[in-house]
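Here's the structure, in structure tokens; my notes come after.
The values are calculated or read from the model by the stated rules, or taken from the named source; none is laboratory data. Just so you know, these numbers come straight off a predicted model, no measurement behind them. All Cβ positions, even for glycine, are placed from backbone atoms using ideal geometry, and neighbour counts span all protein chains on display.
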2 protein chains.
Amino acid sequence: MKRNSRLSLALHTLSHMAGEPGRVRTSVDIADHAGTNPVVVRRVLGKLREAGLLLSEKGHAGGWQLAKAADSITLADVYLALDERLVARSRDNAELSNCSVETGLQSRVAEVLEDIEASLVERLRETKITDVHPSTCSYCGS
Amino acid sequence: MKRNSRLSLALHTLSHMAGEPGRVRTSVDIADHAGTNPVVVRRVLGKLREAGLLLSEKGHAGGWQLAKAADSITLADVYLALDERLVARSRDNAELSNCSVETGLQSRVAEVLEDIEASLVERLRETKITDVHPSTCSYCGS
DNA sequence: ACTAATGCAACTGCAAAAGTTACGATTGAT
DNA sequence: ATCAATCGTAACTTTTGCAGTTGCATTAGT
């Protein structure tokens, strides 16, 4: 797996689930499909569960499924659930305070980055999980 | 230094330069200001030079300065110059082709991520370097 | 010549994330 | 009651990207 794999894995899995909302999938199935490890899957999907996007059941017939309708889940929900912060945050800045202009400039840079982050999330809110699912999907018959 | 430090360093430096467009700065000066290392500065600013945003001169009175007016440089220019790809790109996908739905879904996920990346760049294009510079700047007198 | 600067390559060190292993807890099937 | 399947989680190793560092060749002004 590469970079940004968490977001990619999450979108991938949710999109699969959107195709067959009733089906329960195990972390092993999902990991095989995604070419990764069950524990990694549980880590990532655990975040989505905390955010109320997925349900998981332990035990023999356990596994993962959508906690709500796929068309009510946006990319922003997923992004925020993983608490990835793609854009924001500059440095700690503690050691830079000796320069008179640094304080203002640092905070201004941080401000701009936060602003961009916020508008990115707004943009993500416009796309639903169902929009990610391919229209011709031989696998789930949709 | 922390995460996103390249983008942060670049914005920081360009913003400084926007305040005093004529002044030539050495990588040592810049590194001191930013609390980092001259070589790191040259690495990052070298990318900006390749993109035509900065000029550098070797030799005794050498250093760095803006290659064009600060208000003609957008955050998108900087972002693309550093070729950071914050959002995009899923995995290599070679090992996933055994699943019938994977091909379509993978490309669809990649498509969505590319789309997000593109809209991020669009958003970045709306902010100029001069917008980052604090209005009250005791350092450069602007 | 000497000095001050960039350019660049090679290396180290570190931190974050993936990957792995192991084991306990829970649930359903038999 | 036992067994097998599954999640939950902790601990560890491996990988990777990047900052940081060192060293040196090159360039340019004095």
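Taking the conditions (1) away from DNA strand D (no atom under 11 Å from the Cβ); (2) not in a loop (DSSP other than H, G, I, E, B) in turn, A:LEU45 satisfies each one other than (1).
Yes or no, residue by residue, for (1) out of contact with any His (no Cβ under 7 Å at 6 or more places or on another chain); (2) modelled with pLDDT of 95 or more; (3) closer than 22 Å to A:VAL121 by Cβ:
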position: A:THR26; (1), (2), (3): yes, yes, no
position: A:VAL44; (1), (2), (3): yes, yes, yes
position: A:LEU55; (1), (2), (3): yes, yes, no
position: A:GLY62; (1), (2), (3): yes, yes, no
position: A:ALA67; (1), (2), (3): yes, yes, yes
position: A:ILE73; (1), (2), (3): yes, yes, yes
position: A:ARG89; (1), (2), (3): yes, no, yes
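Among residues belonging to segment A:55-70 that are more than 13 Å from DNA strand D (Cβ to nearest atom) and of a type in the set (A, V, I, L, M), point out the one that is nearest to the other protein chains (Cβ to nearest Cβ). Looking at the filtered set, the residue picked out is A:ALA70. Criterion applied to B:LYS58, B:LYS47 was being surrounded by 16 or more Cβ atoms within 10 Å (Cβ to Cβ) and either free of Cβ contacts under 8 Å to residues at least 24 places away in the same chain or within 11 Å of the chain's Cα centre (by Cα) (or both), and the one residue passing it is B:LYS47.
Could you list all residues from segment B:30-49 that are within 11 Å of DNA strand C (Cβ to nearest atom) and over 15 Å from B:SER15 (Cβ atoms)? If the condition is that a residue be within 11 Å of DNA strand C (Cβ to nearest atom) and over 15 Å from B:SER15 (Cβ atoms), then B:ALA31, B:ASN37, B:PRO38, B:VAL39, B:VAL40, B:ARG42, B:ARG43, B:GLY46, B:LYS47, B:ARG49 are the ones that fit.
Regarding A:GLY52, is this residue more than 9 Å from DNA strand C (Cβ to nearest atom), loosely packed, with under 14 Cβ neighbours inside 10 Å, more than 14 Å from chain B (Cβ to nearest Cβ) and not in a helix (DSSP H, G or I)? Yes.
Residues that are more than 15 Å from DNA strand D (Cβ to nearest atom) and touching a strand residue (DSSP E or B) at 6+ places or on another chain (Cβ under 6 Å): does segment B:71-81 have at least one? Among the residues of segment B:71-81, at least one is more than 15 Å from DNA strand D (Cβ to nearest atom) and touching a strand residue (DSSP E or B) at 6+ places or on another chain (Cβ under 6 Å), which makes the answer yes. State all residues of segment A:1-42 that are farther than 21 Å from A:ALA70 by Cβ and part of a loop (DSSP other than H, G, I, E, B); if no residue qualifies, say none. Those that are farther than 21 Å from A:ALA70 by Cβ and part of a loop (DSSP other than H, G, I, E, B): A:MET1, A:LYS2, A:ARG3, A:ASN4, A:GLY35, A:THR36, A:ASN37. The residues of segment B:1-24 that are in contact with a strand residue (DSSP E or B) (Cβ under 7 Å, 6 or more places away or on another chain) and at pLDDT below 95 amount to a single one, B:PRO21.
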